[in-house]
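Worksheet: the structure to be examined is printed underneath.
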Amino acid sequence: MDVFIVEYPGYADRPGAPSERLLEESADEAFQSLKTNGPVYLVGESLGTGGACWLAGKHPDKIAGVVLLAPYNTLTDVAQEHMPLLPVHLLLVDRFPSEKYLRNYSGPIAVLVGGNDQVVPERFGRRLYDGYAGPKRLWEFPEGDHGMVMEQPPEIWKQIIDSLQANPRPPHRN
């Protein structure tokens with residue numbers, strides 16, 4: 001298995017700001033540069049789950065499966081949770097509507113959520129999971145926080161891979 005990691009603009013040493021448009025462009029640029037003759041699985045964590053969902057929706061026939069660590073249905077809903085007094089739906093420019101992105105994808109997804117996640121509360125990942133119509137599996141960690149969801153032992157990763165491979169992507173729906 002080859003692993004290809006994308007660092008988004010504004011993170012680590014990559015210059016720029018992490019806007020929705022730039023994250024999508026970066027994800028697509030990285031995806032287009034992949035040289036593979038095997039299945040492609042996407043893994044997104046936190047904000048990056050929006051990019052993974054976007055890629056799956058944009059290239060549904062080329063994606064074998066998607067793993068989402070601490071995902072959200074829309075970034076707008078998460079932001080509203082953190083700023084309940086502000087009209088976030090009117091103010092937020094970058095919305096990352098993951099649930100909308102996945103409407104064009106019908107392959108398997110794996111979703112991991114933490115019950116004590118203060119960054120992306122569990123209910124937003126569950127909303128995404130519950131609204132997804134394709135093959136899916138949910139891993140819940142009731143005591144898990146945002147960082148714990150990202151750090152899974154090999155046994156969990158084996159379960160995730162087995163789950164994705166047990167549910168091969170059906171033909172693309174129009």
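The values are calculated or read from the model by the stated rules, or taken from the named source; none is laboratory data. Computed from a prediction, not measured in an experiment: that's the story for all the values here. With ideal geometry, Cβ positions are generated from the backbone for all residues, glycine too; neighbour counts draw on all protein chains shown.
Points worth noting:
- G65 touching a residue at least 60 places away in the same chain (Cβ under 8 Å), touching a Phe, Trp or Tyr at 6+ places or on another chain (Cβ under 9 Å) and not charged (D, E, K, R): yes
- Residues in the range 65-77 that are more than 14 Å from the chain's Cα centre (by Cα) and farther than 16 Å from G131 by Cα: T76 alone.
- Breaking point among (1) basic (K, R); (2) at pLDDT 95 or above; (3) out of contact with any strand residue (DSSP E or B) (no Cβ under 6 Å at 6 or more places or on another chain), for R173: (2)
- Segments classed as helices (runs of 4 or more DSSP H), wholly inside the range 1-93, with at least 2 members that are in contact with a strand residue (DSSP E or B) (Cβ under 9 Å, 6 or more places away or on another chain) and surrounded by 21 or more Cβ atoms within 10 Å (Cβ to Cβ): 48-58
- Residue under evaluation A133, criteria (1) surrounded by fewer than 18 Cβ atoms within 10 Å (Cβ to Cβ); (2) among the small types (G, A, S); (3) in contact with a strand residue (DSSP E or B) (Cβ under 8 Å, 6 or more places away or on another chain), criterion not met: (3)
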